[in-house]
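K.L.:
Sharing a structure with you now.
The values are calculated or read from the model by the stated rules, or taken from the named source; none is laboratory data. Bear in mind that the values here come from a model prediction, so they are computed numbers and not experimental data. Here Cβ is always computed from backbone atoms with ideal geometry, including for glycine, and neighbour counts include all displayed protein chains.
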Amino acid sequence: MIETKILDEAVGIQYQGVTDLSETSNVASLTKATIVGRFKRGVVGRPFKVTRDNYQALLGFDSSNADYLAVEDAFARRITELTVMRIGKPVGK
């Protein structure tokens with residue numbers, strides 16, 4: 001057995017160094033998403049597409065609705081288009 005203090009000089013060992021990809025922009029971002037929730041407006045029971053420009057008009061502005069805030073958060077994360085499936089009116093409305 002050959003002993004060496006330098007790891008990459010040992011027979012059969014390859015060392016490329018440490019690569020940290022935990023906070024890089026090379027990681028693929030989320031580009032397509034579907035949100036199922038309760039909104040004021042929209043087609044019930046059938047998925048439809050909303051964009052950053054029309055989601056307030058199609059879903060009805062409701063800042064107290066957690067489902068609506070999830071849609072806003074998705075657009076804040078640079079998603080350009082969402083598929084939304086409305087399952088009814090907001091709870092308590």
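K.L.:
Of everything in the stretch 58-73 that's in a helix (DSSP H, G or I) and among the acidic types (Asp, Glu), which residue is nearest to residue 42 (Cα to Cα)?
P.N.:
67
K.L.:
How many of the residues in the stretch 74-93 are closer than 16 Å to residue 42 by Cα, surrounded by fewer than 13 Cβ atoms within 10 Å (Cβ to Cβ) and modelled with pLDDT under 90?
P.N.:
3
K.L.:
Is it the case that some residue within the stretch 39-55 is within 15 Å of the chain's Cα centre (by Cα) and at pLDDT below 90?
P.N.:
no
K.L.:
List pairs: first in the stretch 62-73 and of a type in the set (S, T, N, Q), second assigned to a helix (DSSP H, G or I), Cβ under 8 Å, 6+ apart or cross-chain?
P.N.:
63/69
K.L.:
Can you find, within the stretch 44-69, the residue that is surrounded by the most Cβ atoms within 10 Å (Cβ to Cβ) among those that are under 14 Å from residue 32 (Cα atoms) and not basic (Lys, Arg)?
P.N.:
Filtering the stretch 44-69 for residues that are under 14 Å from residue 32 (Cα atoms) and not basic (Lys, Arg), the one surrounded by the most Cβ atoms within 10 Å (Cβ to Cβ) comes out as 50.
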